[in-house]
Amino acid sequence: MKSPTTLIKGGLLAASLMAFAPLAALADDVSIRLGHVLPESHSWHVAATGFAEEVNSRTEGRVAIKVFPSGQLGSEKEVIEGLQFGSVQAGLIGSGSFQGIEPRMGIIEMPYAWGARDQAFAALDGDLGVALADMLDGKGIKVLGWWENGFRNITNNVRPVEKPEDLAGLKIRVTPDKVRLATFEGLGCQRRSKIRPLWRSKSRPVWGERLGACALI
């Protein structure tokens with residue numbers, strides 16, 4: 001059952017500072033690999049391919065971006081490491097996954113932080129977004145833009161969730177970021193972190209309860 005809105009899942013389009021250093025001159029054609037962990041049917045992939053097409057058009061073919069969906073370039077943690085080392089040039093990554101290299105990125109995952117989409121956009125397009133981008137800049141990663149993955153909703157096959165107490169004892173499958181895990185442990189859930197990509201072709205999650213955006217389920 002759908003629960004009241006809790007938090008918004010943010011993502012960001014990031015680039016490797018090391019790999020993008022030659023772009024300033026654009027003396028030669030540039031090829032960029034952009035990776036993410038979601039399937040081709042997901043809105044992030046549709047937007048990423050549109051971004052690639054627009055970049056190619058505006059640079060008159062000098063910059064070619066090839067999008068790799070479904071974790072073809074690795075998990076989000078591996079893509080982040082690739083950005084730092086320069087082996088991956090760009091990635092579309094959930095903001096919570098950056099907590100491994102910058103714990104303060106977890107602020108975006110705080111429960112009930114945003115009352116509405118416009119409020120989240122205003123913060124990330126404003127001072128908060130600049131501050132977070134500066135943090136990652138110091139880690140060798142350049143934030144190109146902030147993307148949305150919808151408000152999170154709780155679904156389960158046990159009982160309706162209408163108040164925090166209804167979560168007690170439920171096994172909730174969530175992404176393995178520290179803030180989100182701590183949130184659901186504090187609510188009394190038996191949480192299980194989602195290590196592998198949730199979106200698997202012709203398969204269903206093993207667990208009956210999960211945290212996700214209803215529009216994407």
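The values are calculated or read from the model by the stated rules, or taken from the named source; none is laboratory data. Bear in mind the structure is a predicted one, so any value in this text is a computation, not a measurement. Quick reminder, even Gly has a Cβ in these numbers, built from the backbone with ideal geometry, and neighbours come from all protein chains shown. Just the protein is used for accessible areas: all its heavy atoms, side chains included, with ligands, DNA and RNA removed. Shrake-Rupley method; radii C 1.70, N 1.55, O 1.52, S 1.80 Å.
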TODO: Scan region 46-63 for residues that are in contact with a helix residue (DSSP H, G or I) (Cβ under 9 Å, 6 or more places away or on another chain) and either within 17 Å of Leu12 (Cα to Cα) or open to solvent by less than 40 Å² (accessible area, probe 1.4 Å) (or both) and report the count.
DONE: 1
- [ ] For Val206, work out the one condition from (1) modelled with pLDDT of 90 or more; (2) aliphatic (A, V, I, L, M); (3) open to solvent by 70 Å² or more (accessible area, probe 1.4 Å); (4) more than 22 Å from Pro69 (Cβ to Cβ) it doesn't fulfil.
- [x] (1)
Task: In region 92-102, the residues that are of a type in the set (Gly, Ala, Ser) and assigned to a strand (DSSP E or B) - done: Gly94
Task: Filter result (surrounded by 15 or more Cβ atoms within 10 Å (Cβ to Cβ), of a type outside the set (Asp, Glu) and more than 18 Å from Ser43 (Cα to Cα)) within region 78-90 - done: Val79, Ile80, Gly82, Leu83, Gln84, Ser87, Val88, Gln89
Open item on the list: I need the strands (runs of 3 or more DSSP E) fully contained in region 1-91, keeping only those with at least 2 residues that are under 26 Å from Ile101 (Cβ atoms) and modelled with pLDDT of 95 or more.
Closed with: 30-35, 63-68
Open item on the list: Name the single residue that is nearest to Phe151 (Cα to Cα) among those in region 114-130 being out of contact with any helix residue (DSSP H, G or I) (no Cβ under 6 Å at 6 or more places or on another chain) and open to solvent by less than 40 Å² (accessible area, probe 1.4 Å).
Closed with: Ala120
